[in-house]
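The values are calculated or read from the model by the stated rules, or taken from the named source; none is laboratory data. This one's a predicted model, so the numbers in the text were calculated from it and none came from an experiment. We place every Cβ from the backbone using ideal geometry, glycine too, and count neighbours over all the protein chains shown. Quick note on the areas: whole protein, heavy atoms, side chains included, nothing else; ligands and nucleic acids left out. Shrake-Rupley method; radii C 1.70, N 1.55, O 1.52, S 1.80 Å.
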Amino acid sequence: MDSLSQQHSNALPKYFIISSETRNELKTSSPILIHKSIISIAGEVKSIKKLSNGNILIEVLNSKQAEHLKKLEKIGNIKVTVGPHHTLNHSKGVVSESEFQRDLEEDLLECLKTQNVIAVKRITIKRNGQIFPTKHLILTFNNPVLPKNVKIAYINCPVKPYIPDPLRCFKCQKFGHTTTACRGNKEICARCSLPDHNSQTCKSTTQKCYNCSAEADHPSHCPPLPCPRYKLEKKLNH
């Protein structure tokens, strides 16, 4: 087996959630009881953490521990279920290769299935109302450890960590939350940064970003590159 195949050979879940059948029953359970119950069936695992909702997050050392842990049915008198964590067992990376700019996502996924890739999404850009594909591909791996590279057809492609775009509220235009969680009293226009109207009804001839206050430059919903505040938020997300 070559080095590229080896780095993709382990795609088994490493993170598991133990939850009680009745809501919050585990929240007040003794850490001693929880620890004893887990090691009695799976041995000493890598880590155990009780979450704020009472569920227990487990990181196992190997596939054998995982198989034993999934057989756990009770902690004390509490009935429990064990299943893989829905996000921690995955990772996302970006591949940038102009050779594949015209290929379909499903064809690329077919090439990458043997390398633990479970989803491929192409990054697109919008110009003058039209959407254009870029050379950048977001790959989702069925593995918490991101590989250094993947092989698509005969081309070896480096994989960089995927950094998600910062959240921007469509109401107040600030970063870090969504419209449903917004505590702002006024709606701010994404185009001119003035209150009490939106970009669809805006009649201003001047663009002004609410977050970096760059006049006649770009609106708050600009493409990411021109906005220094956007770039800072993206860096903080890393």
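Quick rundown of the values:
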{"item": "One residue from 35, 90 being closer than 30 Å to residue 153 by Cα and open to solvent by 40 Å² or more (accessible area, probe 1.4 Å)", "result": "90"}
{"item": "Listing of strands (runs of 3 or more DSSP E) fully contained in the stretch 98-162 that carry 1 or more residues being open to solvent by 80 Å² or more (accessible area, probe 1.4 Å) and under 21 Å from residue 14 (Cα atoms)", "result": "117-127"}
{"item": "Residues satisfying the stated conditions in the stretch 29-49, i.e. in contact (Cβ under 8 Å) with a residue 12 or more places away in the chain and assigned to a helix (DSSP H, G or I)", "result": "31, 33, 34, 35, 37, 38, 41, 42"}
{"item": "Close pairs (8 angstrom Cβ cut-off, 6 or more residues apart or separate chains): at positive phi in the stretch 174-192, surrounded by 14 or more Cβ atoms within 10 Å (Cβ to Cβ) and of a type outside the set (A, V, I, L, M, F, W, C) anywhere", "result": "176/166; 176/233"}
{"item": "Residue check for residue 155: among the β-branched types (Val, Ile, Thr) and in contact (Cβ under 8 Å) with a residue 60 or more places away in the chain", "result": "no"}
{"item": "Sole residue being in the same structural domain as residue 121 (by the TED database), among the polar types (S, T, N, Q) and either touching an Asp or Glu at 6+ places or on another chain (Cβ under 9 Å) or in contact (Cβ under 8 Å) with a residue 12 or more places away in the chain (or both), chosen from 98, 63", "result": "98"}
{"item": "Scope the stretch 50-79; condition open to solvent by 20 Å² or more (accessible area, probe 1.4 Å) and part of a helix (DSSP H, G or I); matching residues", "result": "63, 64, 67, 68"}
